[in-house]
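S.K.: Here you go, one structure.
Bear in mind these aren't lab numbers, they're just calculated from the coordinates by the rules spelled out. These figures come from a predicted structure and were not determined experimentally. Note that we place each Cβ from the backbone using ideal geometry, even for glycine, and neighbour counts take in every protein chain shown.
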Amino acid sequence: MKRANLEEVHRQIREWYAKNGRHDLPWRTTDDPYRIYISEVMLQQTQVKTVLERFYFPFLEKFPTLKALGSAPLDEVLKAWEGLGYYNRAKNLHKTAQLLIQKGQVQGIAPTMPENIDSLVKLPGIGKNTAHAIAAFAFNKPVPVMEANVRRILCRLHRIKTPNDKKIWEIAYAMVDIRHPFDYNQAMMDIGATLCLPKSPKCEACPLETLCQGKNDPERYPTKVRKKVPSKEEHILLYCYNDKLALTQRSGKFLHGLWGFESTDAPLCAAEYIGDVTHAYTHFKLTCHVHLYHETEPSQERYFRLEEIDSLAISKVDRKIINLYKEACGS
Ligand code: SF4
């Protein structure tokens with residue numbers, strides 16, 4: 001596309017953003033790289049509304065700086081993350097904060113986020129997309145962002161059915177408004193979230209309409225890939241002694257660091273089946289058959305009263321199991 005035409009499209013995008021953009025989102029009204037980084041990581045797998053209403057402010061109140069985050073025990077960070085899921089994100093935030101604290105100590109400065117993409121992608125949990133978002137939003141670098149909504153727009157603009165990563169990044173770099181990267185990128189995300197919807201996009205209101213090659217049949221781009229999500233089943237045995245439940249802190253890769261109930265191959269005959277809980281992860285659907293075993297002697301390492309469990313970091317599925325236990329016991 002010719003530079004003059006692109007400049008006109010950039011102007012229209014900015015005009016649209018000025019009128020329609022979600023300017024009041026708190027990560028758009030700050031230039032603190034740490035706050036922008038936290039929002040980007042939370043938004044990787046979670047909707048704006050959920051992050052905004054339940055997690056962003058409480059997390060920042062508890063950990064207002066990189067230093068506060070890296071100096072806190074991992075347990076506390078996981079507890080603050082509880083309900084957001086995908087706990088690797090919280091562990092990587094913690095690890096990154098610790099690395100940046102160490103780096104700051106060597107340089108004799110307060111810990112700070114690096115500005116360039118090559119340094120950002122070396123940090124735990126920061127991939128190419130997040131690095132670009134931090135560079136563009138925190139440091140106003142002239143680079144594009146690439147979340148799912150933006151990818152969909154680019155595919156439609158160029159009628160691409162199956163985007164390959166290299167090609168789509170090339171297109172994104174060729175199109176970015178290098179003089180106004182912040183507004184351009186925020187606008188592209190808002191256009192994707194409000195106009196260029198997966199179904200029935202609102203092309204008549206779109207500032208990219210003149211440029212868009214796919215506007216006559218937008219839903220064809222990109223091709224939807226339907227993945228079949230496998231199902232898993234587990235038996236969970238709740239050891240109950242003196243009205244306390246046994247929980248262990250996980251050490252495996254999955255849900256590492258969170259407290260929870262272990263699965264068992266075969267529940268004890270003396271255990272009572274109290275019901276099922278289900279939970280949908282991204283890669284599989286889990287059904288837990290829950291059994292309760294009242295012990296006369298403690299056989300497990302740690303037991304907790306229900307009020308004590310409230311202060312532990314546990315996963316959503318384990319929280320559901322506790323609710324089932326409460327229903328079964330009338331507590
Ligand atoms: S014109 Fe329609 S299909 Fe093209 S980018 Fe805009 S909303 Fe999407």
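S.K.: Between SER299 and LYS166, take the C-beta separation as r, use R0 = 51 Å, and let me know the FRET efficiency to the nearest 0.05.
M.R.: 0.35
S.K.: Taking 8 Å as the Cα distance limit and 6 or more residues as the minimum spacing, I'd like the relative contact order of the chain as a percentage.
M.R.: Working: 466 pairs, mean separation 53.4, N = 331.
About 16 percent, as a whole number.
S.K.: Also, I was wondering about something else. So, with +1 on the Cβ of K and R and -1 on the Cβ of D and E, and no other charges, what is the size of the charge dipole of segment 46-157 about its Cα centre, to the nearest 20 debye?
M.R.: Details: 15 positive and 8 negative charges, 69 e Å.
So the magnitude is around 340 debye.
S.K.: Relative to the longest principal Cα axis of the chain, at what angle does helix 181-194 sit, 0 to 90 degrees, rounded to 10?
M.R.: 70 degrees
S.K.: Beta carbons within 10 angstrom, averaged per residue: use that to sort the peptides 92-98, 51-57, 318-324, highest first.
M.R.: 92-98, 318-324, 51-57
S.K.: Please report, in whole Å³, the volume per residue of the convex hull around the C-alpha atoms of segment 231-329.
M.R.: Cα convex hull per residue, to the nearest whole number: 102 Å³.
S.K.: Note the full-extension length gain between GLN45 and ARG22 as 0.36 nm times their separation in residues minus their Cα-Cα distance, in nm to one decimal.
M.R.: Roughly 6.3 nm would be gained on extension.
S.K.: Quick check: pseudo-label points 7 Å beyond the Cα along Cα→Cβ at LYS285 and ASN242, how many nm apart are they?
M.R.: 4.2 nm
S.K.: Further question on the same structure: Convert each backbone phi in segment 144-158 into a coupling constant with the Karplus relation 6.51 cos²θ - 1.76 cosθ + 1.60 (shift: θ = phi - 60°), then list the ³J(HN,Hα) values in order as whole Hz, x for Gly and Pro.
M.R.: Result, rounded to whole Hz: x, 9, 9, 9, 4, 5, 5, 4, 5, 4, 4, 4, 6, 4, 10.
S.K.: By average Cβ neighbour count within 10 Å, what is the ranking of 5-15, 223-233, 143-153, 264-274 from highest down?
M.R.: 143-153, 5-15, 264-274, 223-233
S.K.: Pick out which of ILE168, ILE36, ILE134 has the largest mean-square fluctuation in a Gaussian network model of the chain, springs linking Cα atoms closer than 10 Å.
M.R.: Largest GNM mean-square fluctuation: ILE168.
S.K.: How large is the convex hull of the C-alpha atoms of the chain per residue, in Å³?
M.R.: 163 Å³
S.K.: Related question: Starting from 0.36 nm per residue, how many nanometres of slack lie between LYS253 and LYS326 once their C-alpha separation is accounted for?
M.R.: Going from the current span to full extension adds 23.4 nm.
S.K.: Let me ask another. Near ASN129, within a Cβ-to-Cβ distance under 9 Å, what is the net charge of the other residues, with Lys and Arg +1 and Asp and Glu -1?
M.R.: So the surrounding residues net to -1.
S.K.: Once you treat every alpha carbon in segment 180-262 as an equal point and sum by Debye, what is log10 I(q)/I(0) at q = 0.11, 0.12, 0.14, 0.21 Å⁻¹?
M.R.: -0.63, -0.66, -0.70, -1.04
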